[in-house]
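The values are calculated or read from the model by the stated rules, or taken from the named source; none is laboratory data. Keep in mind it's a predicted model, so treat the numbers as computed, not measured. Here the Cβ is made from the backbone with ideal geometry for all residues, glycine too, and neighbour counts use every protein chain on show. Each accessible area value is taken on the protein alone, full model and side chains, heavy atoms only, with ligands, DNA and RNA left out. Shrake-Rupley method; radii C 1.70, N 1.55, O 1.52, S 1.80 Å.
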Amino acid sequence: AEAEEEGGEEGAAEVASGPTEGGATPGADAAAAAVVSGSENDEENDETDEDGPDDILLCAFRSGVLTVNPKTDLPMASSTFYAKHIIPNRPPGTTLDLKKTSYKKVGPFLLEMASTGVITVGASKDGRDRVAFVTGVERGHADLRDARKER
């Protein structure tokens with residue numbers, strides 16, 4: 001009877017450890033793998049989607065530059081350029097908060113865009129604001145090719 005009990009206990013131990021090692025763990029591993037692969041897919045989507053604040057700003061800028069008529073609209077105050085050309089041209093379903101971008105304000109952003117040659121900027125009369133005006137737009141600039149295709 002002891003042998004049967006021991007055998008029964010061994011059998012019970014095998015049954016108890018069998019699903020734990022063979023059934024539950026792989027299931028848990030598969031679930032964990034699904035969670036990990038899901039987060040990896042999210043990370044990949046983040047890399048390919050242009051939904052970061054800087055990306056939204058740059059996309060809106062590129063589209064907005066193409067809406068400026070250099071002959072009639074320029075020179076234009078930087079704040080007017082931002083309000084009338086950048087904000088309305090952000091991608092659909094997005095919001096744009098300059099404070100959440102790496103630039104924090106429109107001036108540093110426009111200075112960087114001016115350094116690439118897409119736009120030219122002018123200072124205020126007293127010289128305190130180096131980016132008071134957008135004075136020129138280079139519509140044929142290479143950085144604007146993609147924006148032009150999307151329009």
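Numbers for the structure displayed
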{"item": "Cα-projected label distance for ARG145 with ALA77, points at 7 Å along beta-carbon direction, nm", "result": "3.7 nm"}
{"item": "Label-point gap, in nm, between THR94 and ASP129 - each point 7 angstrom along Cα→Cβ", "result": "2.6 nm"}
{"item": "Portion, in percent, of the accessible area of region 53-150 that falls on carbon or sulfur, probe 1.4 Å", "result": "51 percent"}
{"item": "Added length on full extension, which subtracts the Cα-Cα distance from 0.36 nm per residue, ASP54 to LYS84", "result": "8.9 nm"}
